[in-house]
Amino acid sequence: MSNREKEVPSTLEVAALDLRSTYNLSHEGSSGVAGAIGAVGMTLVQTSLKPLFDRRYLGPNSFQQEAFLNVRYDIACALAGKEPSLSDHLLKANPEEYTEQLLKGVRENDVEPLLDTSVGKLTQYVLAQLEKKQLPNESANRYFGDWLEATIDNRKRTKERKILSTSELDAIYGKEGREMDVQLVLAGTNLRTRSVLDYYIEGDDFGKYIRQLEALKYIMPNWEKGKIDIPREVLSVVDLDAETPVDDVKLNQSVFEWKWDTVADIMNKVKQGVYELEHYEKSAGTKASKKFLARHAIEVVNHGWQ
């Protein structure tokens, strides 16, 4: 189906949805007339300042990126059992079924069956923007689909406390990293996460390393929730399983050594990528897109380690 045949929400519709999301988030936790008035005031302030902050932190075309980020936020909220900011009743009532249907539409580059929902409208708009801005021979909707598939897989494995192999975890981290490529395409740059480290090792995936480093950072809190990021190969050697209490996992010397050896290895690759983004002027990408990606990586490297 071509773009001309697809029903794509207008910029005005998308702006209205963004405004509603901002208002609902401002109103969260408050009630009554006073709460509503306060939320309106906060919404006006945020709406007036958002273009300045978004352009600084997201780079060009921040409006299109915000549309994608609103989709990401509501999907994450719904799958976690929380209220979506756009109050999509179908998403809230059946988050897993809805997300699977959304994934099918993203893979097909058309989510027409979900256009009566806010997330569906935003997704259709984002897909249209990706199609306009993708490079020749690039199918940028695949980045969106890969990220969404990883989100679904993470939800399933968390519920089941499923143990995965190293290669299976690597595949998930790689798909999670495509979220950044969605934003890079929307920003109108030719920079992609897979191209950052190509100078050293062809096919090295900077986006995957960032997501893997995040998983390692929160490995113990996530274990308690059921999201297991220690590979099967490690757990089988030390005779631990999915039901092992987190305190026992923390005290296991082999797990401790595996974690910090892996952190050191991945940290070096991420830092090398940041160096490339900050110092190698001839590499792909605009200055703004390199700053965006480097800032994202630096945040993971520098903060929250235990």
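The values are calculated or read from the model by the stated rules, or taken from the named source; none is laboratory data. Since the structure is predicted, the reported quantities are computational estimates derived from the model, not experimental observations. Cβ sites come from the backbone with ideal geometry, for glycine too, and all protein chains shown count toward neighbours.
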Those residues that are part of a loop (DSSP other than H, G, I, E, B) and either crowded, with 19+ Cβ neighbours inside 10 Å or at positive phi (or both), I need them from region 164-189; list them, please.
Gly177, Ala187, Gly188, Thr189
Those residues of region 86-116 which are surrounded by 22 or more Cβ atoms within 10 Å (Cβ to Cβ), within 19 Å of the chain's Cα centre (by Cα) and either hydrophobic (A, V, I, L, M, F, W, C) or not in a helix (DSSP H, G or I) (or both), in sequence order
Leu86, Leu91, Leu102, Val106
I'd like to check something: does region 265-272 contain any residue that is within 15 Å of Ile219 (Cβ to Cβ), in a helix (DSSP H, G or I) and touching a Phe, Trp or Tyr at 6+ places or on another chain (Cβ under 8 Å)?
yes
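Out of all the residues in region 194-204, is one or more at pLDDT below 95, in a helix (DSSP H, G or I), farther than 30 Å from Leu91 by Cα and in contact with an Asp or Glu (Cβ under 7 Å, 6 or more places away or on another chain)?
Going residue by residue through region 194-204, those that are at pLDDT below 95 are 194-204.
The next check asks that each one be in a helix (DSSP H, G or I); those that pass are 194-195.
From what is left, the residues that are farther than 30 Å from Leu91 by Cα are 194-195.
Filter again for in contact with an Asp or Glu (Cβ under 7 Å, 6 or more places away or on another chain), leaving 194.
Within region 194-204, one or more residues are at pLDDT below 95, in a helix (DSSP H, G or I), farther than 30 Å from Leu91 by Cα and in contact with an Asp or Glu (Cβ under 7 Å, 6 or more places away or on another chain).
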I need every pair where a residue in region 154-168 that is in contact (Cβ under 8 Å) with a residue 12 or more places away in the chain has its Cβ under 6 Å from the Cβ of a residue that is assigned to a loop (DSSP other than H, G, I, E, B) and of a type in the set (Val, Ile, Thr), sequence separation at least 6 or different chains.
Ile163/Ile228
Those residues of region 205-233 which are in a helix (DSSP H, G or I), closer than 16 Å to Arg161 by Cα and hydrophobic (A, V, I, L, M, F, W, C), in sequence order:
Ala215, Ile219, Met220, Trp223
